[in-house]
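These notes are about the structure you will find just below.
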C-alpha cells in the first residue's frame, strides 16, 4: 500500500513538474518573442526618426543661411544709407533677403509613430528624454519663434516702409525690370533714421534666432549620433 502511494506521488509530482516546466518555458518563450518584437519596433522607429532628423538639420541649416543673408542685407543698406560705395547689381538680392520670413519644416512622422506605440518603447532612458525634449519643446519653440512671434514677421512689419523709401530710387530697364538704384542714396534724414532703426531691429532679431538655430543644430546632431549608436547595438 505504501509502495503504491509512493509511486502515485512520484507520478503526480513528475506530471506537475512537467506541467510547471512547460508553463514556465511557454511564458519565457512568449516573453522572448515580445522583447524581440519590441526591439524590432524600436529599431524601425529609431531609423524613421533618424531619417526625419537628417532632413530637419538640412532645413535648419537652410534657414540659418537665409537669416545670415538677411543680416548681410542689413549691412548693405546701412552702407547705402551712409552713402558709401555699394554694388548696385546686388541690390535686388539684398532687397529680397532683407525682410524675408521663414517657416520651420519638421519631419515628425517617426516621432508620432513612437507616441502611438508608447514612448517607453525606447529602452535607453537618456535617448528617450532627448527625443521627447527635441520634438515637444525645441521644435515647438522654433515654430512659434519663426511663425508666430510678432517681431520675427519681417515682411509684415518692415517691407512696406523699406519699399516706400527705396522704390522711388530704383532704376528700371525698358521692360520695367529693376536693374539698380540711383547712388548715392539720397533719402530724407527723418525717414533714414526710421529705416536705420528698422535695420537694427531686423539684424538683432535675426542674430537672436540664429543662436537658437545653432543650439538646435547641436541637439539634432547629438540625437542623431546617439540614435545611430543605439541602432548598431
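The values are calculated or read from the model by the stated rules, or taken from the named source; none is laboratory data. Everything numeric here is computed off the predicted structure, so don't read it as measured data. Positions of Cβ are generated from backbone atoms using ideal geometry, with glycine treated the same way; all protein chains shown enter the neighbour counts.
What number of residues in the range 202-220 are surrounded by fewer than 18 Cβ atoms within 10 Å (Cβ to Cβ) and farther than 30 Å from residue 111 by Cβ? So the answer is 1. Just checking, how many residues over the range 175-201 are exposed (fewer than 15 other Cβ atoms within 10 Å of the Cβ) and in a loop (DSSP other than H, G, I, E, B)? So the count comes out to 7. The residues listed here are 102, 95; of these, the one that is surrounded by 15 or more Cβ atoms within 10 Å (Cβ to Cβ) and without any contact (Cβ under 8 Å) to a residue 60 or more places away in the chain is 102. You will find that of 80, 50, 73, the residue that is out of contact with any helix residue (DSSP H, G or I) (no Cβ under 7 Å at 6 or more places or on another chain) and in contact (Cβ under 8 Å) with a residue 12 or more places away in the chain is 80 and no other. Listed by position, the helices (runs of 4 or more DSSP H) enclosed by the range 1-120 that each have at least 3 residues that are more than 30 Å from residue 199 (Cβ to Cβ) and at pLDDT below 55 are 2-81. All of (1) over 35 Å from the mean Cα position of the chain (by Cα); (2) loosely packed, with under 14 Cβ neighbours inside 10 Å hold for residue 119 with one exception: (1). Closer than 21 Å to residue 62 by Cα and in contact with a helix residue (DSSP H, G or I) (Cβ under 6 Å, 6 or more places away or on another chain): is that true of residue 216 in this structure? Spelling it out, residue 216 is indeed closer than 21 Å to residue 62 by Cα and in contact with a helix residue (DSSP H, G or I) (Cβ under 6 Å, 6 or more places away or on another chain). Taking the range 216-233 as the region of interest, how many residues are without any contact (Cβ under 8 Å) to a residue 40 or more places away in the chain and in a helix (DSSP H, G or I)? Total meeting the criteria: 4.
A single member of 158, 198 is free of Cβ contacts under 8 Å to residues at least 60 places away in the same chain and within 25 Å of residue 83 (Cα to Cα), and it is 198. Any idea which of 195, 199, 210, 185 is more than 19 Å from residue 160 (Cα to Cα) and out of contact with any strand residue (DSSP E or B) (no Cβ under 8 Å at 6 or more places or on another chain)? Selected residue: 210, the only one of 195, 199, 210, 185 that is more than 19 Å from residue 160 (Cα to Cα) and out of contact with any strand residue (DSSP E or B) (no Cβ under 8 Å at 6 or more places or on another chain).
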